[in-house]
Amino acid sequence: LLESWSSLDTVESNFRPLVVIELAKGTKEETIEWLTKRIVDKKANGGAQLLIKPLVTENGVENIYLVGASHLRLLLGAESVGLVKECSDNSMRTFTYSSRKTFKHFADDNHNFLTMAECQYIIKHELENLRAKDEKMIPGYPQAKLYPGKSIVRRLLTSGILVQIFPLHDREELKKLSHSWYGRVKVGYQPLDDVRCYFGETIALYFGFLEYFTFALIPMAVIGIPYYVFAWEDYDKYVLFATFNLLWSTVILEVWKRICAILTYRWGTLLMKRQFEEPRPGFHGVLGINPVTGREEPVYSSIKRQLRIYLVSLPFVCLCLYFSLYVMMIYFDLEQWALDYHKENESNFSSLMLYVPSIIYAVVIEIMNRIYRYAAEFLTSWENHRLESSYQNHLILKVLVFNFLNCFASLFYIAFVLFDMKLLRQSLATLLITSQILNQFAESLLPYWLQKRYNRRMKKRTYSKKTDTDLSLAEQVNMEKDMGTYLGTFDDYLELFLQFGYVSLFSCVYPLAAVFAVLNNITEIYSDALKMCRVYKRPFAEPTANIGVWQLAFETMSVISVVTNCILIGMSPQVDALFPDSKMDLVLTVALVEHLLLAIKFIMAFVIPDKPRDIQMKLAKLEFESLEALKQQVRAFQMQL
């Protein structure tokens, strides 16, 4: 491997641009020279050993640079990031350059062995691992301090010298993917393997979960329609529906773990070793020594962080929750006003007015959720978390708690304080449908329309008669650099999480919730696919083995749904009639049933394996082989001694 690195040339005749680096206008020449030198320098000298060229346009050289790599460099990079590829014997193994001939479809002249997304991920990894050696600052910018081991790219970003880094689209491949993914309306599965090859595992796994969740909702929707049609006011018949819902919510989440394992094993990410996490770009502190790596890096007191969390963030979140409840009480005042108005007038207009408070409240909920999201991001960033995973966990916790209370508090209040099942059904339907329409508009239709309008303006100005696939490289880069940046799957999973709450928490009151969820998700698949291909810049691929903390969030929601549905069943007149003398017996019986159902739920979760048996066997076989190889290395070393 050392020979391969040393023989690696930094010049390749067939330069293939993969990643774009945009520097701020007016960036000093000495900074550009230093950065490009560090990018092309050999690994032994602390460089990335990549290829870089300036983008030449009609106006000359702008502060935009194209980064690529030779085929050999990408193969060595695949080994350093721990990519897992399929071998000739159909097993999945971590790629090593020395054993490259044993991998399926590998050939020295086959430049498609690594997908474009994998190549771009390797380049991103190498750029992010460009570290300062003995530099004390970025040349030309004395205020941009450096220290040994500091990520150069992260310092350039935080200093505003580097505007953005993004991977280029492959116009031909994107056109093919668009056609097979959303270009035609069809009944069938999404091309998840193609999505994974183009966008990476994180995005492919989200679309896999969205598709699976949509199919999983179909039984609930099919059963819910006759309940809605034939037993609209008879809540007693919903006992069976609620019981089915409890089992359904457990089974679908456990089966998803198995499907997730199948997908990620096939894609190789189930076997990828977790890399040591570097400090996140926004982390700051006094320069110190990391006790694990021994490297110099910023150090920030965990006590200070805890004080910020508990003395500032927590009170702020509580204040926001109180404000959310205050808005909810205003909504109930509006509901009462609409009801009084309808009683006085008894007209078609007054009947429509009954739905107006719920629609207004649903819009206010969406606005509050979005404003709170910005506040939560600011607070979590201010808390100064060292690792990106810690930052994400604290952000998700803040957002989930507020969104849960904001979206569901009114439904809990109607169900368990007002005991008004008719109003509960009306509010649930209005909140669900209004939130779905608003999300579709805000997340997909509006960005698509704005981007299409911008593209039309750009084409008229420069290349009116060309199609997307005929654009020159300079025109393509200039168009893509101004496209919106995809901020990750957070909002998409959050939308599904809230939808899962609407369907599972009070489904026995409004069985049509699953029907509307299915219809929404079908359009969501197409609109999200359109958004990824046409609205946003191509995101970097991110390997992942599961949906992360969202799995726990969905499982928590399913536990809460057991409690709410049991209480709703206990409140039904049929069950209430069984205990005419003692309400305490009713409460105890409902609590006992709820505990039994929770016990069944956890037993099912334990009994259903997270990974199919064949994948368990393959993983065990790989572990055995790696242990045997390690033993042989130890024996060989002992014999040399």
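Worth a mention:
- Meets criteria (modelled with pLDDT of 85 or more and in contact with a strand residue (DSSP E or B) (Cβ under 6 Å, 6 or more places away or on another chain)) for G288: no
- Selection within the range 450-497: residues that are modelled with pLDDT of 80 or more and among the acidic types (D, E). The member of this set that is farthest from F554 (Cα to Cα) is E475.
- Residue within the range 263-275 that is modelled with pLDDT of 90 or more, of a type in the set (K, R) and open to solvent by 50 Å² or more (accessible area, probe 1.4 Å) present: yes
- Looking only at residues in the range 552-583 that are of a type in the set (S, T, N, Q) and open to solvent by 30 Å² or more (accessible area, probe 1.4 Å), the one that is farthest from the chain's Cα centre (by Cα) is S582.
- Looking across the range 601-620 at every residue that is in contact (Cβ under 8 Å) with a residue 60 or more places away in the chain and part of a helix (DSSP H, G or I), the one that is surrounded by the fewest Cβ atoms within 10 Å (Cβ to Cβ) is identified as M604.
- Pairs where the first residue, in the range 464-481, is more than 13 Å from H169 (Cα to Cα) and of a type in the set (D, E) and the second is surrounded by 17 or more Cβ atoms within 10 Å (Cβ to Cβ) and modelled with pLDDT of 85 or more, C-beta under 6 Å, 6+ apart: none
- Of everything listed in (1) more than 30 Å from G26 (Cβ to Cβ); (2) out of contact with any helix residue (DSSP H, G or I) (no Cβ under 7 Å at 6 or more places or on another chain), the single unmet condition for T158 is (1).
- Candidates L592, L586, L596 - the one that is touching a Leu at 6+ places or on another chain (Cβ under 9 Å), part of a helix (DSSP H, G or I) and surrounded by 10 or more Cβ atoms within 10 Å (Cβ to Cβ): L586
- Boolean, L411 is in contact (Cβ under 8 Å) with a residue 12 or more places away in the chain and surrounded by fewer than 19 Cβ atoms within 10 Å (Cβ to Cβ): no
- All of F412, F378, F404 fail the test of being under 15 Å from L494 (Cβ atoms) and modelled with pLDDT of 90 or more, apart from F404.
- Any chance D333 is open to solvent by 70 Å² or more (accessible area, probe 1.4 Å) and under 30 Å from L411 (Cα atoms): yes
- The lone exception for T31 - which of (1) under 26 Å from T115 (Cβ atoms); (2) modelled with pLDDT of 90 or more it fails: (1)
- Per-region count, the range 49-82, residues outside any helix (DSSP H, G or I), farther than 20 Å from M479 by Cβ and at pLDDT 90 or above: 6
- Criterion violated by Y182 - all others in (1) out of contact with any Phe, Trp or Tyr (no Cβ under 6 Å at 6 or more places or on another chain); (2) over 27 Å from T96 (Cβ atoms); (3) outside the structural domain of I39 (by the TED database) satisfied: (1)
- Residues of the range 375-391 classified as open to solvent by 40 Å² or more (accessible area, probe 1.4 Å) and within 13 Å of S313 (Cβ to Cβ), total: 4
- Test for E344: is it assigned to a helix (DSSP H, G or I) and either at pLDDT 90 or above or buried (at least 16 other Cβ atoms within 10 Å of the Cβ) (or both): no
Every residue, every condition in (1) open to solvent by 10 Å² or more (accessible area, probe 1.4 Å); (2) free of Cβ contacts under 8 Å to residues at least 40 places away in the same chain; (3) closer than 27 Å to F602 by Cα, yes or no:
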site	(1), (2), (3)
D491	yes, no, no
G501	no, no, yes
S507	no, no, yes
L519	yes, yes, no
M532	no, no, no
P539	yes, no, no
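- Within the range 91-209, helices (runs of 4 or more DSSP H) holding 3 or more residues that are open to solvent by less than 30 Å² (accessible area, probe 1.4 Å) and closer than 26 Å to Q49 by Cβ: 116-128, 152-158
- Some residue of the range 362-371 being charged (D, E, K, R), within 25 Å of Q436 (Cα to Cα) and loosely packed, with under 15 Cβ neighbours inside 10 Å: yes
- Residue count for the range 73-95, restricted to those that are touching a residue at least 40 places away in the same chain (Cβ under 8 Å), closer than 30 Å to K621 by Cα and out of contact with any strand residue (DSSP E or B) (no Cβ under 7 Å at 6 or more places or on another chain): 9.
- Subset of the range 427-449 (residues that are modelled with pLDDT of 85 or more and open to solvent by less than 40 Å² (accessible area, probe 1.4 Å)): S427, L428, A429, T430, L431, L432, T434, S435, Q436
The values are calculated or read from the model by the stated rules, or taken from the named source; none is laboratory data. This one's a predicted model, so the numbers in the text were calculated from it and none came from an experiment. Cβ atoms come from the backbone with ideal geometry, glycine included; neighbour counts cover every protein chain shown. Surface areas here come from the heavy atoms of the whole protein model, side chains and all, with no ligands, DNA or RNA. Shrake-Rupley method; radii C 1.70, N 1.55, O 1.52, S 1.80 Å.
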